[in-house]
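The values are calculated or read from the model by the stated rules, or taken from the named source; none is laboratory data. Quantities reported herein were computed from a predicted structural model and do not represent experimental measurements. Cβ coordinates were reconstructed from backbone atoms using ideal geometry, including for glycine residues, and neighbour counts include every protein chain displayed.
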Amino acid sequence: MRLVALICTVAALLVIPVQAQQLTNVTLVQLIANPERFDGKLIRVIGFLRLEFEGDVLYLHREDYENAILGDGIWVDVTPAIAKEKTTLNMNYVLLEGVFSSSDRGHMGMWSGAIKQIRRSEFWRPTSHNHDK
């Protein structure tokens, strides 16, 4: 019973800092250009998500993935919720909320940072634009 109480206490302490932080809307361009500015901050970002072995990455554009432009992506620390929704999220534009790390550069250090402790992940449905006006 004490072990369960200890585990619950530690888990609560790990979650509280994320919940207490101010959420910052940011673009992938901002994260890539100034990773230190957002280090340790709770962020919301939209990008093209590719989930694959040793390549869970949020790219600026689909074409960046298709053309292996590695500098235009950040590593994604996949949660069980993301894994469960892989068929919906993979190879699509998504919205992610989590803590950004400028020091964690993902598999083999190839990326511009990482999104960790992801608390929200969803398929991005942009509003329609009327180009006739």
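Could you tell me whether Leu70 is farther than 25 Å from Gln21 by Cα, touching a helix residue (DSSP H, G or I) at 6+ places or on another chain (Cβ under 6 Å) and surrounded by 13 or more Cβ atoms within 10 Å (Cβ to Cβ)? Answer is no for this residue.
On the given criteria, is Ser103 surrounded by 20 or more Cβ atoms within 10 Å (Cβ to Cβ) and either hydroxyl-bearing (Ser, Thr, Tyr) or part of a helix (DSSP H, G or I) (or both)? Answer is no for this residue. Candidates in segment 78-99 are the residues that are among the hydroxyl-bearing types (Ser, Thr, Tyr) and more than 13 Å from the chain's Cα centre (by Cα); of these, the one that is farthest from Lys41 (Cα to Cα) is Thr87. State yes or no: is Arg2 at pLDDT 95 or above and of a type in the set (D, E, K, R)? The answer is no for Arg2.
The combined condition, being out of contact with any Ser or Thr (no Cβ under 7 Å at 6 or more places or on another chain), assigned to a helix (DSSP H, G or I), under 20 Å from Asn90 (Cβ atoms) and modelled with pLDDT of 75 or more, is fulfilled by Glu63. The set of residues from segment 31-71 being touching a residue at least 12 places away in the same chain (Cβ under 8 Å), touching a His at 6+ places or on another chain (Cβ under 9 Å) and farther than 21 Å from Arg120 by Cα comprises just one member, Glu54.
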